[in-house]
Amino acid sequence: MRVKICGLSNVETLNAAVTAGAAYVGFVFFTKSPRHVLVEQARTLAQTVPVGICKVALTVNADDAFLDEMLESVPIDMLQLHGSETPDRVADLRTRYGLPIMKAVGIADADDLPAIADYAQVVDQLLIDAKPPKNADLPGGNGLAFDWRLIAGRRWAVPWMLAGGLRPDNVAEAIRLTGAQQVDVSSGVETTPGIKDEKMIAEFIRAAGGKNGH
């Protein structure tokens, strides 16, 4: 089981994620998010991550100018697109930067499932997330789950990761219902929005079965 801890913004919680066995660590570049980090801040954090742990930059409908600046400064291993980027835009970015790309696809009901297959053609990984409520400020990190049975037993052409409303007390059940081999958490290991808890990070990775899984 490979676990991603997303929205890390200080060295203490980053170290907690690394020590507990996270396979991925995520930095959020989205000003509306309480987990937003500046490029310089992310650069400092990313430089401390041991080799073998995937450093992911989460962006939301970012333009090329921002991505150029961020990727020149921050040693990132994967781009996570969490906005309304089209499959064409995803393909363009993959070519432009030569980095693996993970695209978040929001799920509320069965009507949302076909989009997953569309993006599977152009990405390296999929993030299957809960669709945000209408008029939500954030495209993710809202602490919401979707009906996991919608994707039970499904497989796509690329690896995928389960997100949305996962917490230390429900992640094992989510894995059991979906067959996920990778899980992503952000708000589910926070005491207040944007403030991660070192103990909750360790509990989540242990509950997911990801202890020292990298």
The local net charge around Gln47, scoring Lys/Arg +1 and Asp/Glu -1 for residues other than Gln47 whose Cβ lies under 12 Å from its Cβ, equals +1
Could you list, in their original order, any pairs among Lys32/Lys196; Lys55/Lys131; Lys4/Lys131 whose Cα atoms are separated by more than 22 Å?
Lys55/Lys131
FRET efficiency for Thr48 and Ala172 from the Cβ-Cβ distance with R0 = 35 Å, rounded to 0.05, comes out at 0.70
Highest-first arrangement of 170-182, 16-28, 107-119, where packing means the average Cβ count within 10 Å:
16-28, 170-182, 107-119
quick note, the chain, DSSP beta bridge pairs, % antiparallel (nearest 5) is 5
Given a Förster distance of 35 Å, the FRET efficiency implied by the Cβ-Cβ spacing of Asp111 and Arg155, rounded to the nearest 0.05, works out to 0.95
What length, rounded to one decimal in nm, is gained on full extension from Gln41 through to Arg89, with 0.36 nm per residue of separation minus their alpha-carbon distance?
14.6 nm
Multiply the residue gap between Leu71 and Thr19 by 0.36 nm, knock off their C-alpha separation, and tell me the result in nm, one decimal place.
16.2 nm
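Quick note: the coordinates plus some simple rules give every number you see, no bench work behind them. Just so you know, these numbers come straight off a predicted model, no measurement behind them. Cβ coordinates were reconstructed from backbone atoms using ideal geometry, including for glycine residues, and neighbour counts include every protein chain displayed.
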